[in-house]
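Structure, as structure tokens:
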Amino acid sequence: MAADYIVKDISLAAFGRKELDIAETEMPGLMALRAEYGEEKPLKGARIVGSLHMTIQTACLIETLVALGADVRWASCNIFSTQDHAAAAIAAGDIPVFAIKGQSLEEHWDYLDKSFMFPEGPNMILDDGGDATLYVLLGARAEAGEDIIPVPQSEEEEVIKAQIKKRMEASPGWFTKTRDAIMGVSEETTTGVHRLYELQKNGQLPFPAINVNDSVTKSKFDNKYGCKESLVDGIRRATDTMMAGKVAVVCGYGDVGKGSAASLQGAGARVKVTEADPICALQAAMDGFEVVLLEEALDADIFITTTGNKDIIRIEHMREMKDMAIVGNIGHFDNEIQVASLKNHKWTNIKEQVDMIEMPSGNRMILLSEGRLLNLGNATGHPSFVMSASFTNQVLAQIELFQRGDQYKNEVYILPKHLDEKVAALHLDRVGAKLTKLTTEQASYIGVTPEGPFKPEHYRY
Ligand code: NAI
């Protein structure tokens, strides 16, 4: 039988395995789940389609899902984020994976399709950004003769439509059958969660969903502390530019923006922030950042978008930037920067995921990862430790949906607080943190129990 994987170079598997061994020492949450559930195998019978950056950390997630009994097929959710040695290690372990760093958009959607091809069909989705969910839902709509446009990332519209058409021709009725077999989806990121709530609002969510992003131990850690380490890592690997003394603009001061601004500040840059939300703008100001309009800050050296919104850095902004300004995005999709509007300009490729673009004025701009998330395109994403917290939530969400999905409505849920606290607790030892035990009297005085949960639902951290 032909190998059931597409990776760049299977001989990278040994290197991938060595890095995986190191990652395991930094992913205590995932390792604890293996110890707790490895025998019971609560995911036995789960056939999980994974669409999430195929990195070393994700490899550790995949092997945890398998250790808990699941069958897994995997694609990356971004064309630049795969670590080829991680993909090779997973393929070498006989887990089907379809991911190459630098794959084309056509390959991206074809690989996603391949990740659905369990002989008995999939019954679970683990998504990052919502592409796997989108694929099934758009396909099912197409099979019902409904219009499937517009899709959120419009520049990919034609590619997605072509892939859906190909699958419809090869296997009539496949999308509807697959949609109906899915017991639930767990979603990793802010942008994907936004899509799920939209589906719920429009009565179009066909299965229960768990919003992993809004576990406190995900968005307040991965989005923030993760970006704090990985943003500057990406800029440095791409450009080797001196960060200290430079002026950087961070567009958006949500969780990712907070981590990104801290990352640049920690590297010595003078950071300005743009925001649309007065609460986040005030937070930025009181964290010591100048809050400006982008139009007033176009003489900066580095521009980073973190909004999850579109058209943040537009062509008229890029035209005003100084020579050799660095422009990149760390939000989920590439539409934060109007990259399409640069297509007619002169592009010089410096190296993978780094391009120099000449503007009509003669000024040049360094664009990272073609506007796709640069911490994964130009570096290796977040460190293992913080991804362990995110992925521990993912595994708990998969167990919950697979075992008790029938008790949920077709709505979006967040994991209960005691599990959020459990995820955090599993990560304390590794950083030498000791937890104070409340006395019964103290617990009752603040209205909790000594075992937790320690905060009411409305608490914001
Ligand atoms: P968030 O909602 O906490 O923050 C986004 C902020 O951008 C909000 O405060 C919003 O007011 C602001 N904003 C929106 N439009 C704006 C505009 N035109 N100008 C200035 N500010 C604007 O979302 P979060 O969690 O920070 O995520 C942001 C993006 O990053 C999402 O696409 C998410 O999926 C992605 N993400 C990327 C990660 C990575 O490793 N690269 C990790 C986690 C999330």
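Among residues other than THR307 with Cβ under 11 Å from its Cβ, the summed charge is -3 (Lys and Arg +1, Asp and Glu -1). Using the Cβ of GLU296 as centre and a radius below 12 Å, the other residues enclosed give a net charge of -3, where K and R count +1 and D and E count -1. Among rounded, prolate and oblate, which fits the stretch 121-181 when a ≥ b ≥ c are the square roots of the eigenvalues of its C-alpha gyration tensor, a/c under 1.5 means rounded, and a/b larger than b/c means prolate? Oblate, since a/c reaches 1.5 and b/c is not below a/b. Assuming charge only on the beta carbon of Lys and Arg (+1) and of Asp and Glu (-1), the dipole of the chain about its Cα centre is about 460 debye to the nearest 20. The packing ranking of peptides 395-404, 129-138, 35-44, highest mean first, is 129-138, 395-404, 35-44, where packing means the average number of other beta carbon atoms within 10 angstrom of each residue. Summarising the strand pairing of the chain, around 20 percent of its internal DSSP beta bridges are antiparallel.
Surface listing: THR440, THR241 arranged by accessible area from highest to lowest gives THR440, THR241, probe 1.4 Å.
Each residue was assigned an accessible area with a 1.4 Å probe, and for ASP233 the value is about 40 Å². Can you tell me how the stretch 17-66 classifies by the Cα gyration tensor, rounded, prolate or oblate, using a/c under 1.5 as the rounded cut? Verdict is oblate for the stretch 17-66.
Taking a straight Cα-Cα cut-off under 18 Å and skipping sequence neighbours fewer than 8 places away in the same chain, the aspartates and glutamates within cross-link reach of LYS351 are ASP84, ASP233, ASP240, GLU370.
Considering all different alpha carbon pairs of the stretch 354-424, the Kirkwood hydrodynamic radius works out to 15.9 Å.
Remark: spin-label model distance GLU441-PHE454 equals 2.1 nm, labels positioned 7 Å along the Cα→Cβ axis. If the Kirkwood radius is taken over C-alpha pairs of the stretch 199-279, then at 37 °C and 0.692 mPa s the Stokes-Einstein diffusion coefficient equals 229 µm²/s.
For q = 0.07, 0.08, 0.09, 0.12 Å⁻¹, what log10 I(q)/I(0) does the chain give under the Debye formula with an equal point scatterer on each alpha carbon and no solvent? Log10 I(q)/I(0), no solvent term: -0.35, -0.46, -0.59, -1.06. The residues of the chain expose, per residue, 43 Å² of accessible area to a 1.4 Å probe. Here the label points at ASP21 and TRP347, each 7 Å from Cα along the C-beta direction, are separated by 4.0 nm in the simple model. Given a 1.4 Å probe and the protein chains as shown, MET183 ends up with an accessible area of around 70 Å².
Here GLU120 sits with roughly 140 square angstrom of accessible surface, probe radius 1.4 Å. For the stretch 4-133, the square roots a ≥ b ≥ c of the C-alpha gyration tensor eigenvalues yield an a/c of 1.5 or more together with a/b not exceeding b/c, which makes the shape oblate. Protein heavy-atom surface of the chain, 1.4 angstrom probe: 52% of the accessible area is carbon and sulfur, with nucleic acids and ligands not counted. Computed with the Debye formula from one identical point scatterer per Cα of the stretch 225-378, without solvent, the log10 of I(q)/I(0) at q = 0.09, 0.11, 0.12, 0.20 Å⁻¹ comes to -0.23, -0.35, -0.42, -1.27. Taken about its Cα centre, the stretch 225-378 carries a charge dipole of roughly 340 debye when the Cβ of each Lys and Arg holds +1 and the Cβ of each Asp and Glu holds -1. At the listed q of 0.12, 0.14, 0.25 Å⁻¹, the Debye profile of the stretch 245-333, built from one uniform point per Cα, gives log10 I(q)/I(0) equal to -0.30, -0.41, -1.38.
The values are calculated or read from the model by the stated rules, or taken from the named source; none is laboratory data. All values reported here derive from a predicted model rather than from experimental measurement. Neighbour counts are summed over all protein chains in view; Cβ atoms, including those assigned to glycine, are modelled from backbone coordinates with ideal geometry. Heavy atoms of the whole protein, side chains included, go into the accessibility calculation; ligands, DNA and RNA do not. Shrake-Rupley method; radii C 1.70, N 1.55, O 1.52, S 1.80 Å.
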